[in-house]
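Data first, discussion second: the structure below is written as structure tokens.
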Amino acid sequence: MPPLLLTSLLQTALPRLSSASRAVVSTLGCLNGNTPSARDMATWVGLRDRYQLARVLRRDGLPPLEDLTRWARVLYWMVEAESSGATLRQLAQRERLDPAAAYRLVHQVTGRPWLQAKTAGLQAALLQLRERCGMGLMGAREPATQVPRRMAVAVGDGVVTSTVQAQASRPSRRPPGVGLAPLLHHPAGVLVERCLMGGYPFDVATTPDGMAFITRSHAASLEVLRLQPFRAVGSARTGPAPTRVVVSPTGTLAYVTSQFGEEVEIVDLGTLRKTGAIPVPGHPLGAALTPDGRTLLVTTNLDRLCAVSLAAGRVVTSVPVPRACTSVAMHPSGRRVYVPCWKAGVIIESDARTLCQLRRFEVGGTAQDLAISSDCLTLYAANQGGWLNVIKLSSGCIETIPLEGPAVSLALSPDEDVLYVGLVFDGRVLVIDRRTLHVRTTIKTGGKPRGIAFDRTGRLALLANEAGWVDLVR
């Protein structure tokens, strides 16, 4: 999942921003200038309200959100015109916008008619945006000779990432709950309760004490649910666009990938407060923790797999992968890590310590979530192409099981008797018998079911749904 060109252009033209302003710029790049209201933007990036958003932009030397949005829209049109050869009229009609309004917008933003702005090129437009922002962002100026070179690199798909100050993580005062291993089960597949939750619930993780933690990617928060009785009991503020959440082996800490914050955040689950942050190169997507709890494996939108030392609070090594996505899976032994490579149609097996590639499984389609059996013999992969891949790790043989729609999310029940497969774009979750690979039942959730997690015993399943709720399945 390489960085969007518009995001790279904006971040390169506007360096040395605070984390909040950088998150705003990343959001504009992802939405191609079609920004939400100032209130919604503030919520997305984790600010209190539109007034705080306005102060943050002003402090960083940026124009008001409305002006910044107009610049992002014009730059997007210029990128599309250069890459596809489309006219501004065609681009406007594609967005159901009056072409005359599009031409006026370009002239108002750049001071030039469309043909002149297009002829001058992206580099000239980026320099103009930079001048509009006063160039002296965050109190620092670049030598004048460096600016055109850096703009040219940006137009050529170069990426400049900022460094975010890591915070020291303090140990939690919450004692770990240690008990006997419970008997394992799996839910029957009956949807029994629903908890409404805005902000695009994406991922979910559970702890042994009957709590669930859900990332809300458009609300910059980690929501806390109690499973019995099923209800929301609190939330923790996170950085912008929280995506994956991974709970430590003791159940006392959560590691959250904050995409637009460009860091992995550490949340104390006892106090529900952020206690640390570890910067990573690019936007962090998927994450998996080694069994010893010392290393977090993270994929980023720069198509890299990073090994993050939690003790040192930094990335200790990273390697390129073909196309990173929001999923990473750790081998139960802790010696291997598996990375689905999205539209590249492959799954990479790497050494968990060195990150050196060991094997490459060609599965085709669009590889998404992974699950591994505890006996270390079988790897399962949800494939957006409309099937489930079953990979025998001893031989490398790949079996393809056709499904009723594009599969994106996947989880293996604690007793390893069934697989839950989320058909995100069909609003359904399939319950598949692991031995026969036949569908036992279908859970009709509606919306877009994303993250799937089970409680400690496997009697309950949690289904996070981007449409605005979390389902409880028995």
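The values are calculated or read from the model by the stated rules, or taken from the named source; none is laboratory data. A quick note: this is a predicted structure, and the numbers were derived from the prediction, not measured. Every residue, glycine among them, receives a Cβ derived from its backbone with ideal geometry; neighbour counts consider all protein chains shown. Just so you know, the surface numbers come from the protein's heavy atoms only, side chains and all, with ligands and any DNA or RNA stripped out. Shrake-Rupley method; radii C 1.70, N 1.55, O 1.52, S 1.80 Å.
The set of residues from region 319-338 being in contact (Cβ under 8 Å) with a residue 24 or more places away in the chain, of a type outside the set (Phe, Trp, Tyr) and over 21 Å from LEU4 (Cα atoms) comprises VAL328, ALA329, MET330, HIS331, PRO332, SER333, GLY334, VAL337. When ASP209 is tested against (1) of a type in the set (Asp, Glu); (2) over 30 Å from THR317 (Cβ atoms); (3) in a strand (DSSP E or B), only condition (3) is not met.
A quick yes/no check of all residues on (1) without any contact (Cβ under 8 Å) to a residue 12 or more places away in the chain; (2) on the phi > 0 side of the Ramachandran plot; (3) β-branched (Val, Ile, Thr):
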| site | (1), (2), (3) |
| --- | --- |
| HIS186 | no, no, no |
| VAL192 | no, no, yes |
| ILE214 | no, no, yes |
| PRO229 | yes, no, no |
| ALA232 | no, no, no |
| VAL246 | no, no, yes |
| PRO249 | no, no, no |
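Any residue that is in contact (Cβ under 8 Å) with a residue 40 or more places away in the chain, surrounded by fewer than 19 Cβ atoms within 10 Å (Cβ to Cβ) and β-branched (Val, Ile, Thr) - is there at least one of those in region 269-283? Yes, some residue in region 269-283 is in contact (Cβ under 8 Å) with a residue 40 or more places away in the chain, surrounded by fewer than 19 Cβ atoms within 10 Å (Cβ to Cβ) and β-branched (Val, Ile, Thr). Does LEU137 qualify as being within 30 Å of SER83 (Cβ to Cβ) and modelled with pLDDT under 90? Spelling it out, LEU137 is indeed within 30 Å of SER83 (Cβ to Cβ) and modelled with pLDDT under 90.
Matching residues to (1) more than 19 Å from GLY134 (Cβ to Cβ); (2) surrounded by fewer than 20 Cβ atoms within 10 Å (Cβ to Cβ); (3) out of contact with any helix residue (DSSP H, G or I) (no Cβ under 8 Å at 6 or more places or on another chain); (4) modelled with pLDDT of 85 or more:
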residue: LEU5; (1), (2), (3), (4): yes, no, no, no
residue: SER18; (1), (2), (3), (4): no, yes, no, yes
residue: ARG22; (1), (2), (3), (4): no, no, no, yes
residue: THR27; (1), (2), (3), (4): yes, no, no, yes
residue: ALA38; (1), (2), (3), (4): yes, yes, no, yes
residue: MET41; (1), (2), (3), (4): yes, no, no, yes
residue: ASP49; (1), (2), (3), (4): yes, yes, no, yes
residue: ARG58; (1), (2), (3), (4): no, yes, yes, yes
residue: LEU62; (1), (2), (3), (4): no, no, no, yes
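If the condition is being closer than 25 Å to PHE454 by Cα, open to solvent by 50 Å² or more (accessible area, probe 1.4 Å) and not in a strand (DSSP E or B), then region 344-393 contributes SER374, ASP375, LEU377, GLN384.
Candidates GLY447, GLY396, GLY405: the one that is in a loop (DSSP other than H, G, I, E, B), small (Gly, Ala, Ser), under 21 Å from the mean Cα position of the chain (by Cα) and surrounded by fewer than 19 Cβ atoms within 10 Å (Cβ to Cβ) is GLY447. Among the residues making up region 82-107, none is open to solvent by less than 50 Å² (accessible area, probe 1.4 Å) and modelled with pLDDT under 90. Restricting region 426-440 to residues that are closer than 22 Å to LEU379 by Cα and not aliphatic (A, V, I, L, M), the residue that is surrounded by the most Cβ atoms within 10 Å (Cβ to Cβ) is ARG434.
Taking region 316-343 as the range and being outside any loop (DSSP other than H, G, I, E, B), on the phi < 0 side of the Ramachandran plot and of a type outside the set (D, E, K, R) as the test, the residues that pass are VAL316, THR317, SER318, VAL319, PRO320, ALA329, MET330, VAL337, TYR338, VAL339, PRO340. Checking each residue in region 289-306 for being outside any loop (DSSP other than H, G, I, E, B) and open to solvent by 10 Å² or more (accessible area, probe 1.4 Å) picks out LEU289, THR295, ARG304.
Pick from region 108-123 the residues that are open to solvent by less than 30 Å² (accessible area, probe 1.4 Å) and under 22 Å from PRO64 (Cα atoms): which of them is nearest to the chain's Cα centre (by Cα)? Checked region 108-123; the qualifying residue nearest to the chain's Cα centre (by Cα) is LEU122. Among the residues making up region 408-438, those that are in contact (Cβ under 8 Å) with a residue 24 or more places away in the chain, under 15 Å from ALA188 (Cβ atoms) and over 27 Å from the mean Cα position of the chain (by Cα) are ASP415, ASP417.
Of the residues making up region 247-279, those that are of a type in the set (A, V, I, L, M) and either in contact with a helix residue (DSSP H, G or I) (Cβ under 6 Å, 6 or more places away or on another chain) or within 16 Å of ALA220 (Cβ to Cβ) (or both) number 7. Of all residues in region 64-79, none are open to solvent by 40 Å² or more (accessible area, probe 1.4 Å) and touching a Phe, Trp or Tyr at 6+ places or on another chain (Cβ under 9 Å). Within region 246-268, the residues that satisfy the criterion of being open to solvent by 10 Å² or more (accessible area, probe 1.4 Å) and β-branched (Val, Ile, Thr) are VAL246, VAL247, THR250, THR252.
Determine whether ALA220 is of a type in the set (A, V, I, L, M) and in contact with a helix residue (DSSP H, G or I) (Cβ under 8 Å, 6 or more places away or on another chain). Criteria met by ALA220. Note on region 455-470: residues that are part of a strand (DSSP E or B), open to solvent by less than 20 Å² (accessible area, probe 1.4 Å) and not polar (S, T, N, Q) total 5. Does GLU262 qualify as being of a type in the set (D, E, K, R) and touching a His at 6+ places or on another chain (Cβ under 8 Å)? Considered against the rule, which asks whether it is of a type in the set (D, E, K, R) and touching a His at 6+ places or on another chain (Cβ under 8 Å), GLU262 comes out as yes.
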